[in-house]
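Comments concern the structure below.
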Amino acid sequence: MKHHDGHERSSEPEIHAVSAVDGGVVLDLFIPETLVWFEGHFADAPILPGVVQIDWALLLGRRHLSIGPTGAHSMQVKFRKVFGPGGGIRLFLEKRGADTLRFEYRRGDDLMSSGSLKLFPEEQR
């Protein structure tokens with residue numbers, strides 16, 4: 001996506017490390033200031049919208065946990081602390097059973113957000 005200044009804008013975080021853990025994966029992400037999601041989303045104090053956090057969990061779950069091209073039909077999400085650009089964030093992803101993806105975003109010891117997504121069954125994809 002091009003910004004008005006001509007620079008390319010990404011919609012995804014930078015992935016600095018990926019580690020397999022029991023039942024899931026841990027991704028060390030960096031949140032660049034140039035993400036398209038920060039444009040116009042509170043200019044003086046940009047925050048990453050909750051819907052983007054959910055999208056990233058599903059997108060990265062597909063890539064790293066053998067989840068097929070699916071969407072979520074229900075979700076339980078708690079946003080505890082907002083976070084913005086210019087820092088690292090750790091994303092924990094865990095697949096539970098055939099149809100549930102759990103996620104947690106953490107910065108240091110702080111839980112920023114967490115939730116679970118119910119995935120559409122195989123036959124509905």
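The values are calculated or read from the model by the stated rules, or taken from the named source; none is laboratory data. Bear in mind that the values here come from a model prediction, so they are computed numbers and not experimental data. Every residue, glycine among them, receives a Cβ derived from its backbone with ideal geometry; neighbour counts consider all protein chains shown. Side chains are part of the model used for accessible areas, which takes the heavy atoms of the whole protein and leaves out ligands, DNA and RNA. Shrake-Rupley method; radii C 1.70, N 1.55, O 1.52, S 1.80 Å.
For segment 21-40, the count of residues that are loosely packed, with under 11 Cβ neighbours inside 10 Å, modelled with pLDDT under 85, out of contact with any Gly (no Cβ under 6 Å at 6 or more places or on another chain) and not hydrophobic (A, V, I, L, M, F, W, C) is nonzero. Only residues that are among the small types (Gly, Ala, Ser) and in contact with a helix residue (DSSP H, G or I) (Cβ under 8 Å, 6 or more places away or on another chain) were counted in segment 47-78, giving 3.
Within segment 12-61, count every residue that is among the polar types (S, T, N, Q) and under 11 Å from the mean Cα position of the chain (by Cα).
Keep residues of segment 12-61 that are among the polar types (S, T, N, Q), which gives 19, 34, 53.
Narrowing further to those that are under 11 Å from the mean Cα position of the chain (by Cα): 53.
Number satisfying all stated conditions: 1.
Restricting the first member to segment 14-40 and to residues that are more than 16 Å from ARG106 (Cα to Cα), and the second to residues that are open to solvent by 20 Å² or more (accessible area, probe 1.4 Å) and part of a strand (DSSP E or B), the beta-carbon pairs closer than 6 Å and six or more apart or on different chains are GLY23/GLU94. Of everything in segment 98-125 that is out of contact with any Pro (no Cβ under 8 Å at 6 or more places or on another chain) and among the small types (Gly, Ala, Ser), the residue that is nearest to ALA45 (Cα to Cα) is SER113. When restricted to residues that are over 21 Å from LEU65 (Cα atoms) and modelled with pLDDT of 75 or more, segment 1-20 contains 2. Would you mention how many residues in segment 62-97 are within 20 Å of ILE47 (Cα to Cα) and surrounded by fewer than 14 Cβ atoms within 10 Å (Cβ to Cβ)? Looking only at that region, the number is 5.
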